[in-house]
Amino acid sequence: MIHADIIRKEKISPTVFTLYFHWNATVLPGQFVMVWAPGTGEIPMSLSHLGKEKAFTIKNYGQTSDKLINLEPGERIFFRGPYGRPFSASKGKTLLIGGGSGMASLHPLIKIGSSGLIAARTKDELLFMDEFEAGKVIATTDDGSFGIKGNVLAGLKQLDLESFDMIYACGPEIMLYSVYNHLKDMKVDAELSLERMMKCGIGVCDSCSINGFQLCMDGPTFTMDQLRYMNEFGSEKLTFSGKRVKVP
Ligand SMILES: Cc1cc2nc3c(=O)[nH]c(=O)nc-3n(C[C@H](O)[C@H](O)[C@H](O)COP(=O)(O)OP(=O)(O)OC[C@H]3O[C@@H](n4cnc5c(N)ncnc54)[C@H](O)[C@@H]3O)c2cc1C
Ligand code: FES
């Protein structure tokens, strides 16, 4: 288990915090680590900052994430990794499509000059908007409190998607599934980062399986061609106890 001391903590929305720490390792955009909160649990987490100073940007969902975001500078964070297949290197004009805390895994790609489409329920949940170059980002909010009123589709319709050389997307599965359906007949290269229950993170427990792929080893990033053959994408997943349920 790797450990690092938290050097800084920033509140970036009412429910999302970024925890900075030093870790001398190479991690590529799209990879993740398993973060351990002793006595509570271990959860998969992308790194939102990949320089010498690294960071997790964590949304408060439940028990483990709540414990992590309540850590303070000087306290220790434990994790193992990095794991998973990174996004492939971008070539040319890049678009990032992020929903909610999915923007954490896309954050390292903003600085390559990417454009952005950020989707959230409400203005407070739009992450990292001000880090894009001027005029390169649009937003949608379900409640219309900022940007275009509606879900991610309303934003996709405003963009000339085939003008991008590469599209990277990360967010809730329902959002990613709409992105996939909107893009699937277009001439665009896209990679989507999926979420599944992860227990081991190293290809042993199979809790993250999707149509014979293991998300922790073969993903979490998948190409449009791979997604075409995954009928469980947007439809079924396993719970922590291994029960197969419908994707909400
Ligand atoms: C590859 C990957 C990268 C991620 N990166 C980030 C990130 O950068 N920032 C961020 O805020 N969140 C990220 N998540 C989501 C994060 O792992 C879950 O929000 C977290 O597991 C919630 O755990 P909890 O105990 O706080 O909540 P709980 O109340 O226990 O669970 C809430 C929901 O979180 C999901 N969840 C719980 N445990 C796991 C688990 N072991 N594996 C996968 N999902 C789980 C389930 O859908 C569950 O219904 C990532 C998930 C994956 C798979
Ligand atoms: S999390 Fe155990 S096989 Fe992927």
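In table form, for the structure just shown:
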{"item": "Under 5 Å, built H, 5+ apart or other chain: amide partners of S48", "result": "A55, F56, T57"}
{"item": "Net charge contributed by nearby residues that have their C-beta within less than 10 Å of R121 (K/R +1, D/E -1)", "result": "-3"}
{"item": "Vicinal HN-Hα couplings computed from phi for the range 230-235 (Karplus, 6.51 cos²θ - 1.76 cosθ + 1.60; Hz; Gly/Pro x)", "result": "9, 6, 7, 5, x, 10"}
{"item": "Segments 102-115, 182-195 sorted - mean Cβ within 10 Å per residue, highest first", "result": "102-115, 182-195"}
{"item": "Antiparallel DSSP beta bridges within the chain, as percent of all bridges there, nearest 5", "result": "65 percent"}
{"item": "For the range 2-83: rounded, prolate or oblate by the Cα gyration tensor [a/c cutoff 1.5]", "result": "rounded"}
{"item": "Table column - 3J(HN,Hα) (Hz), the range 10-24, Karplus curve with 6.51, -1.76, 1.60, x for Gly and Pro", "result": "10, 8, 10, 7, x, 10, 10, 10, 10, 10, 9, 7, 9, 8, 8"}
{"item": "Percent carbon-and-sulfur accessible area, the chain, ignoring ligands, DNA and RNA, probe 1.4 Å", "result": "52 percent"}
{"item": "Heavy atoms of I69: accessible area, 1.4 Å probe, square angstrom to 10", "result": "10 Å²"}
{"item": "Among beta bridges that DSSP assigns inside the range 113-248, antiparallel share in %, nearest 5", "result": "40 percent"}
{"item": "Accessible solvent surface per residue of the chain, calculated while the other protein chains remain in place, 1.4 angstrom probe, Å²", "result": "47 Å²"}
{"item": "Orphan Cys of the chain, criterion: no other Cys C-beta under 4.7 Å", "result": "C170, C208, C216"}
{"item": "Protection-proxy order for peptides 131-139, 200-208, each taking the mean of Cβ atoms within 10 Å per residue, highest first", "result": "200-208, 131-139"}
{"item": "Ellipticity estimate at 222 nm from DSSP helix runs (n ≥ 4, -39,500 (n - 2.57)) divided over the chain, nearest 500", "result": "-3500 deg cm²/dmol"}
{"item": "Antiparallel DSSP beta bridges within the range 87-193, percent to nearest 5", "result": "0 percent"}
{"item": "Exceeding the 31 Å Cα-Cα cut-off - candidates K59/K187; K54/K91; K67/K91; K157/K243; K59/K136", "result": "K59/K187; K67/K91; K157/K243"}
{"item": "Base-10 log of normalised Debye intensity for the range 90-165 (one unit scatterer per alpha-carbon) at q = 0.13, 0.16 Å⁻¹", "result": "-0.33, -0.50"}
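The values are calculated or read from the model by the stated rules, or taken from the named source; none is laboratory data. Everything numeric here is computed off the predicted structure, so don't read it as measured data. Counting neighbours? That spans all protein chains shown, and the Cβs are built from the backbone with ideal geometry, glycine included. Only protein heavy atoms, including side chains, enter the accessible area calculation; ligands, DNA and RNA are left aside. Shrake-Rupley method; radii C 1.70, N 1.55, O 1.52, S 1.80 Å.
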